Amino acid sequence: MDWLWEATWKTSLAFFSVLIYARLLGKEQISQLTFYDYVTGITFGNLAGAIALAKREEVGHVFYELTLFVTIAFVISYITLKSRPLRKLIEGEPVIIIHNGKILENNMRKMRYNIENLFTQLRDKGFFDLNDIEFAIVETNGALSVLPKSQQRPITPADLQLPTPYEGLSSEIIVKGQVIYPNLAQNNLDEQWLIAELTRRGIKSPSEVFYANLNSNGTLYIDLWQDELENPIDITDSQSLLK
């Protein structure tokens with residue numbers, strides 16, 4: 001049973017070591033994953049790979065380690081659902097790095113969040129002037145959320161007190177020539193209605209349609225497999241290279 005004890009403490013040590021080291025590396029390392037997702041993902045992958053590389057007599061040991069790791073991850077996930085303090089401890093908290101157009105250097109330093117990455121993410125969201133930003137917050141998954149100042153936000157119908165019609169989700173009606181009958185029924189429509197709509201547009205069969213959806217106001221959008229474009233635009237240089 002010595003291997004059982006050794007596998008237990010090695011797996012536990014690997015799990016918590018990777019978790020701690022990932023936190024020390026900072027949030028820039030994990031993109032859209034939380035720290036917990038990042039740690040469990042890479043550790044699970046390593047253990048799963050170890051099973052394939054292990055000798056025959058070691059497969060059972062490695063499989064036990066993998067099972068133990070998954071159990072630990074499951075228990076911690078369950079506990080974090082019930083405990084807000086523990087969830088904050090494991091996944092971290094959102095951090096404000098810009099307030100009223102001013103960069104909070106101390107918060108960036110604590111997170112090891114560099115200025116180049118900050119400006120890259122701001123430009124990606126369409127912000128090129130810090131004076132336009134009220135708050136910028138680094139989320140627990142490393143993403144940057146930006147709240148522009150009220151003077152810089154686009155005008156909405158609510159600002160102008162204009163009434164707007166309801167807009168729901170569009171329903172896929174045809175995908176690659178296949179009719180999605182449950183979506184037709186959900187919109188109180190049937191195949192007869194669909195065929196009539198296609199015929200009205202000169203389409204003989206649903207098989208000619210690449211994609212079709214129905215928006216909330218009843219408008220049917222149709223894209224054919226063979227689009228009849230008079231002057232399709234080619235942005236490649238293939239023709240000039242052949243000359």
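Readers should treat all values here as calculations from the given coordinates under stated rules, not as data from a laboratory. Predicted model only: the values in this text are computed from it and were never measured. Cβ placement follows ideal geometry from the backbone for every residue including glycine, while neighbour counts extend to all protein chains displayed.
Shown for V209, V95, V75, V138: other C-beta atoms within 10 Å of each C-beta, ranked fewest to most, produce the order V75, V95, V209, V138.
Is there a pair in K176/K204; K110/K149; K88/K149 whose C-alpha atoms are over 21 Å apart, and which pairs would that be? Over 21 Å apart, Cα to Cα: K110/K149; K88/K149.
Exposure proxy for E172, E65: other Cβ atoms within 10 Å of each Cβ, ordered fewest to most, give E172, E65.
Using a cutoff of 8 angstrom between alpha carbon atoms and counting only pairs six or more residues apart, the relative contact order for the range 95-152 works out to 39 percent. The fraction of all Cα pairs in the range 85-243 landing in successive 5 Å bins from 0 to the largest distance is 2, 7, 11, 10, 7, 6, 9, 12, 13, 11, 7, 3, 1, 0, given as whole percents.
The stretch between L4 and K110, if pulled fully straight at 0.36 nm per residue, gains 34.2 nm over its current Cα-Cα span.
Projected label points at I103 and E91, each 7 Å from Cα along the beta carbon direction, are separated by 2.9 nanometres. Sparse packing (at most 14 other Cβ atoms within 10 Å of the Cβ) combined with a DSSP loop state is found for the following trypsin sites (Lys or Arg not before Pro) in the range 156-232: K176, R201, K204. Counted by Cβ distance under 13 Å from N131, the other residues give a net charge of -1, where Lys and Arg count +1 and Asp and Glu count -1.
Rounded to the nearest whole Hz, the Karplus-based 3J(HN,Hα) values (6.51 cos²θ - 1.76 cosθ + 1.60, θ = phi - 60°) of the range 66-71 follow the sequence 5, 5, 5, 4, 4, 5, with x at glycine and proline.
With each label modelled as a point 7 angstrom along the Cα→C-beta vector, the F128-N231 pair spans 3.0 nm.
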